[in-house]
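The values are calculated or read from the model by the stated rules, or taken from the named source; none is laboratory data. Because the structure is a prediction, the values reported are computed rather than measured. Heads up, the Cβs are rebuilt from the backbone with ideal geometry, glycines too, and the neighbour counts pull from every protein chain shown. Calculation scope for accessible area: heavy atoms of the full protein, side chains included, ligands and nucleic acids excluded. Shrake-Rupley method; radii C 1.70, N 1.55, O 1.52, S 1.80 Å.
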Amino acid sequence: MDNFIFFLKQGLFHVLDWSAYDHILFLIALTVVYDFKNLKKVIWLISAFTVGHTLTLILSSYNVISISTKWVEFLIAITILITALVNIFYVKNTTKQTKTNINLVFALFFGLIHGLSFSGYFKMLIGSSHSKLIPLLEFALGIEMAQIIIVIIVLIVGFIFQTIFRFSKRDWVLIISSIVIGVVLPILKRNIFW
């Protein structure tokens, strides 16, 4: 039970750590087009994302794949940028009706990329342990819990701004997606010129 709590906490606080803000940025960009009426869709999206990065964590933990950290950081910044740009270019469609099927594919694929960033940290946690699968699943559960917390916060803030401050959904999506792009561009620039 102690191991379960340990790996669950590690997954939870690895995402909720402000120094891991790239993960938070991606979740903001992914979630900003939704509201509480779409909570079930959002949970499916972040679950697909978790499945994606759990798969790459498994492959990386068993040394099936290995990619340079610089490439992973660059690709993560690209996924955040693409998600925010899609929000901006398709803001009319996203505010009317959010289509989940294509978003599920993107979330799963982008999860594969993001999972690579956790692999080094996870390998450090387990050391030379032969039993990797159970701790990995416990770690993934912590990540999923953290993502749900972030999504709920994004939905609450969106609700407040759209109901109390009377932001239109379109404006809310444009503003938040633009802020995400503004934050991710320096990350992208830093990783292009490594």
I want to verify a result. In a Gaussian network model of the chain, Cα cutoff 10 Å, which of these has the top mean-square fluctuation: ILE160, ILE76, ILE176? ILE160
Positive-end extreme of charge dipole, the chain - chosen from VAL180, PHE161, LEU133 (charges on Cβ): PHE161
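Which of the chymotrypsin sites (Phe, Trp or Tyr not before Pro) across the stretch 144-180 are loop residues per DSSP, with 11 or fewer other Cβ within 10 Å? Before the final figure, lay out each step's value.
Values: sites: PHE159, PHE161, PHE165, PHE167, TRP172; in loops: PHE165, PHE167.
Loop-located and lightly packed - PHE165.
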Give the peptides 2-12, 107-117 in descending order of average Cβ contacts within 10 Å, highest first. 107-117, 2-12
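For the chain, which whole percent of the accessible surface, found with a 1.4 angstrom probe, sits on carbon and sulfur atoms?
Of all accessible area on the chain, carbon and sulfur atoms account for 70 percent.
Would you mind working out the accessible area per residue for the chain, using a 1.4 Å probe, and quoting it in Å²? Before the final figure, lay out the partial values.
Values: 10470 Å² over 194 residues.
Heavy-atom accessible area per residue stands at 54 Å².
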What full-extension length gain, to one decimal in nm, is calculated for ARG170 and LEU133 as 0.36 nm per residue of separation minus the Cα-Cα distance? 9.1 nm
What angle, in degrees between 0 and 90 and rounded to the nearest 10, separates the Cα long axis of helix 21-31 from the longest principal axis of the Cα atoms of the chain? 50 degrees
What shape does the stretch 1-70 take by its C-alpha gyration tensor, where a ≥ b ≥ c are the square roots of the eigenvalues and a/c under 1.5 counts as rounded, a/b above b/c as prolate, and the rest as oblate? prolate
I want to check a number: in the stretch 1-111, how many lysine pairs have alpha carbons closer than 15 Å, given a sequence separation of 8 or more or different chains? 5
In whole Hz and in residue order, list the ³J(HN,Hα) couplings for the stretch 49-54 that follow from phi through the Karplus curve 6.51 cos²θ - 1.76 cosθ + 1.60, θ = phi - 60°; x for Gly and Pro. 4, 4, 4, x, 6, 5
How large is the helix-only mean residue ellipticity at 222 nm for the chain, computed as the sum of -39500 (n - 2.57) over DSSP H runs with n ≥ 4, divided by its residue count, in deg cm²/dmol to the nearest 500? -28000 deg cm²/dmol
Could you order SER168, SER60 so the one with the most accessible surface comes first? Probe is 1.4 Å. SER168, SER60
What dipole magnitude, in Debye to the nearest 20, does the chain give about its Cα centre under +1 on Lys/Arg Cβ and -1 on Asp/Glu Cβ? 620 debye
To the nearest 10 square angstrom, how much accessible area does TYR21 have with a 1.4 angstrom probe? 80 Å²
If the viscosity is 1.306 mPa s and the temperature 10 °C, what translational diffusion coefficient in µm²/s does Stokes-Einstein give for the chain when Rh comes from Kirkwood over Cα pairs? 93 µm²/s
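Report the relative contact order of the stretch 19-137, percent, no decimals, based on alpha-carbon pairs under 8 angstrom and at least 6 residues apart. Before the final figure, lay out the partial values.
Numbers: 105 pairs, mean separation 53.8, N = 119.
Answer for the stretch 19-137 is 45 percent.
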